Structures are given as structure tokens and as C-alpha cells.
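The values are calculated or read from the model by the stated rules, or taken from the named source; none is laboratory data. It should be emphasised that the depicted structure is a prediction, and the values quoted were computed from it without experimental measurement. Neighbour counts run over all protein chains shown; Cβ positions are idealised from the backbone, glycine included.
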Ligand code: AHR
């Protein structure tokens, strides 16, 4: 069956938001140490920041970076991470059974954000800590001067306030694994109280309440309802987290992961809007999808140390991503964009080494995983407005999600430049997918670029430090545009981008 798509710039979902292209740096494994930070590395600058990694971060096109966790934040004592490095204590990190040396901390992170040209998104500890410490870290970061903690920041070398706008009120507090895990009522009340007080210090904040850790949580839905019932007025966004992986050889379901993400988003939106109705509010709560990715959680790479072994920066969660994983990542971005009316921020978890598009070797090179490509290209070329586009396509049966569409797609329209970008996936494992696109209403006359990522010979191919380039986006051949009508064929199990102008 031929897939038929109509692109009409009149049908706008909402703007492409730069914050959709956020990522995440947690003190976990080698994300920070020997990831973004490695003093002594040949590419390190005077602060120990790896320039090779910074270059790739810029090429990836990430907008916001969530920090410092993740599960790590639920035991984090922020004050240990600032001040003279030689005086900073080493601490146990209970989340990842590791030792945190605190040689890279809050102020280093803020300098790194400046160099990477990204916006920080700070998470506060609502696991082992509460209101007072939340106010302390906010005073340290955002108050210009004249108080104990703002002056401490200044004497630590950060003269200007950090003025961090986005704050996560804890992390995954619905998860029993979380240090300081809470019930929805306990957390909702705590989040409301903390948010209210934080806004007294700084009225310019955007605050994210914890939603569910994934849509399979037994409390999913009810958690959001209770938390928002307690904290509706006080917060702006509710978080969503999800990780997908191919399980028991069920590639068909895995390739349809975005179907699950679509449903997850719709469920959170419906729940938030039902609280809005019940509480008779005008304001809408939007979603911060601040952890999403492919993560093979059952693999040995994800095993944390045990017993008396509390290493510094062990190799943890260093998943290697194959071509199918990259197709899924590209498709998840399509899902996030399609929901740009309600998904106002998102973070690919994570940035370097830990379930990441960028890998490094200590003392060695930095290189791109397969998942780097769809993210970088979507971030660079999704511009202007996201359009709602009807996609008439075939379907196939999956174990997990029943009947699902074969082809999925989203389009963006940059009115000023007169350009349209189409992002597509073909989920068929073996068949290529012919696609016909009606672009008459868009007024485009030429194909600016057409690329695809696939490897029909071996979809399990993954990059290594020795070979990270032999499977990369290549030209999508056979794309034709005449009289506002485009035809193309998507290779089996592929992600593609077609730009028109
Ligand atoms: O990103 C890895 C972990 O996944 C994070 O620390 C946690 O928030 C989530 O469960």
C-alpha cells in the first residue's frame, strides 16, 4: 500500500519549541566524569571540560540540560558541590551505589552550560530533603547579592546570579526505588508547598511537578490526578518519563514504541485537563517529557555495583545503539513534535556515555552513536510551526500495541523561509514504503535535501569508537517533486527527513 500524506500550512498544531530538544546530564556512571569533564584529557580546556564533547553537543543541537539527576538528585546535597574543590567532601551516592567526588558541581555545570550554549534545568532534592534546602539552592543560584548564600556564590567566583528558570520539584517520586519515595498525596502537598515558597524568592520560575516514571506504573493516571489536585496553581508543567527497548526479539512492537508515547501523552493531557475542569481553572498544565530514550534496562550494562564496592564514575548504562534504536528515537521525536501544543519541554536521557547519543573513552576519542543522527537533524531542521498532517497508511499487528500504522510522520513549516521539513519512519521490517505527499498548499517547488538512516543488511549494526561513520544518514534517492506532488520510497526500517523549499 502507498502511504498518502497531505501537508497544508493552514493546519497548525503549535510552534516548534526549542525546549523539545533538551537532554540530561546526571551524576551517573561516566556522564560527568570522563564524559563532559575530564581534566588532563588532550581536548580539555582550563576548566577540564572536554572540547571534543562540547563540539558534538553543539552539533547535536540540544537546547536545555536537566541536571544533576535523575535518581541521584534524591540524595544530593548541593552545598557539597560548590566552593573550593579541595574542601568538597566525597559522598556515597545511594542511587547508583557509587562515590561522588564532587569535583564537578553546580557552578561548574553552569559554566559548562554557558560554553555549550544550553539552558539549565535544575532538579531539587525532595527525597532526603525538603523546603528549606530548596530555598537555599534557589537563593544561592538566583539571588543577585547581599544574602549569605548569594554572597557565597559570588565568593566562589560566580559574580552574576545564575538566574535558572526551570526547576524540577524532585525526581520520579512515584517510584519505590527512589530515595525518599512518597505517596501521591504526600508528594503533591510537598511540591505545592515548595513551589509556593520558591516563587516568593523568584517570581520568574517555571516549575515541573513529578508525573509518573512510566505509563506502566500501577499508579499512572491516579498519581497525576492527585498531585495536580494538590499543586495545580503552583506548578506549570508535569513530567513524563519513558524508556523503550526491544524485548524477546519482538522488533515489531519495539518499532511501534511511539504509539505508546502518543497514548502516554494523551493520557497525561486528559488527566491534567480533568483536574482543570474539576477545579474550574483557566490555566493549563503542560508536559515536560524530561526523560525519554531507548534503554536496555535488563542488560548487564545497567547493573549497579554492590556491597563494599562504591566506585567513582563506573561504566554504567553504556548501551550501544543499533540502527533500529535510531529509527525508534527518530520516531519518538516525531511523537513529541506532534504534541507540541501540550509537550512544552523534553529531555533525551542522557547526553554522554549513559544511555547517550555521545560516547567517550577516558583519554580517548568522543564519537557518535546511531541515535545522534535523527536527533541532530530534527533539532536543526524542525523550524517554524508543527503541522497536523493526515497520514493514510497500511498497518501491521504487534504483540504489545495491536494494529499499528506502518508509516509515521510529522511536518514542520517555516513560513519566513518558505520551507517544509518532513520527518518520517517506515516501521516495516522487510518492505520499503512508497509515499505520496500532496504539497500543493505549501507552495514548495524544490527538494532541498532528502536523507535516510537505515541498514537493510544489518539493522543491529552499531557504532564503535573505531567505526562510528559507516552507517550514517545518506541520500534518500528517487525523491521527486512535480506540481506540488512528491513521491518517494522509504527503505525498510528507516528514519528519513525530506526538506522542501
Ligand atoms: O536516566 C536514568 C534513570 O532513569 C534516572 O536517574 C531516573 O530518573 C530514571 O529512572
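Before moving on, here are some points about what is shown:
- Being closer than 22 Å to residue 122 by Cβ, assigned by TED's automatic domain parsing to the domain that holds residue 334, touching a residue at least 12 places away in the same chain (Cβ under 8 Å) and more than 15 Å from the ligand (Cβ to nearest atom) holds for only one residue in 240, 231, 278, 258, and it is 231.
- Residue 273 under 30 Å from residue 11 (Cα atoms), free of Cβ contacts under 8 Å to residues at least 40 places away in the same chain, surrounded by fewer than 23 Cβ atoms within 10 Å (Cβ to Cβ) and away from the ligand (no atom under 16 Å from the Cβ): yes
- Residue count for segment 319-343, restricted to those that are touching a strand residue (DSSP E or B) at 6+ places or on another chain (Cβ under 6 Å) and within 16 Å of residue 12 (Cβ to Cβ): 6
- Scanning segment 93-128 for residues that are outside any helix (DSSP H, G or I), under 25 Å from residue 289 (Cβ atoms) and away from the ligand (no atom under 16 Å from the Cβ) gives 117, 118, 119, 120.
- Screening residue 29 against (1) at negative phi; (2) within 16 Å of the ligand (Cβ to nearest atom) leaves a single unmet condition, (1).
- Breaking point among (1) out of contact with any strand residue (DSSP E or B) (no Cβ under 6 Å at 6 or more places or on another chain); (2) without any contact (Cβ under 8 Å) to a residue 60 or more places away in the chain, for residue 138: (2)
- In segment 35-52, residue farthest from residue 313 (Cα to Cα) [restricted to those that are assigned to a loop (DSSP other than H, G, I, E, B) and within 21 Å of the chain's Cα centre (by Cα)]: 36
- Selection from segment 135-181 of residues that are part of a loop (DSSP other than H, G, I, E, B) and within 16 Å of the ligand (Cβ to nearest atom): 170, 171, 172, 173, 174, 175, 176, 177, 178, 179, 180, 181
- Of note, residue 422 does not satisfy the criterion of being crowded, with 21+ Cβ neighbours inside 10 Å and without any contact (Cβ under 8 Å) to a residue 40 or more places away in the chain.
- Residue check for residue 295: touching a helix residue (DSSP H, G or I) at 6+ places or on another chain (Cβ under 9 Å), surrounded by fewer than 23 Cβ atoms within 10 Å (Cβ to Cβ) and in contact (Cβ under 8 Å) with a residue 24 or more places away in the chain: yes
- Verdict on residue 377 being more than 18 Å from residue 21 (Cβ to Cβ) and buried (at least 20 other Cβ atoms within 10 Å of the Cβ): no
- Meeting the requirement of 3 or more residues that are buried (at least 18 other Cβ atoms within 10 Å of the Cβ) and under 29 Å from the mean Cα position of the chain (by Cα), the strands (runs of 3 or more DSSP E) wholly within segment 460-501 are 494-500.
- For residue 383: the one exception among (1) crowded, with 24+ Cβ neighbours inside 10 Å; (2) over 12 Å from the mean Cα position of the chain (by Cα); (3) more than 16 Å from the ligand (Cβ to nearest atom): (1)
- Test: residue in segment 37-56 that is within 16 Å of the ligand (Cβ to nearest atom), in contact with a strand residue (DSSP E or B) (Cβ under 8 Å, 6 or more places away or on another chain) and under 28 Å from residue 154 (Cα atoms): no
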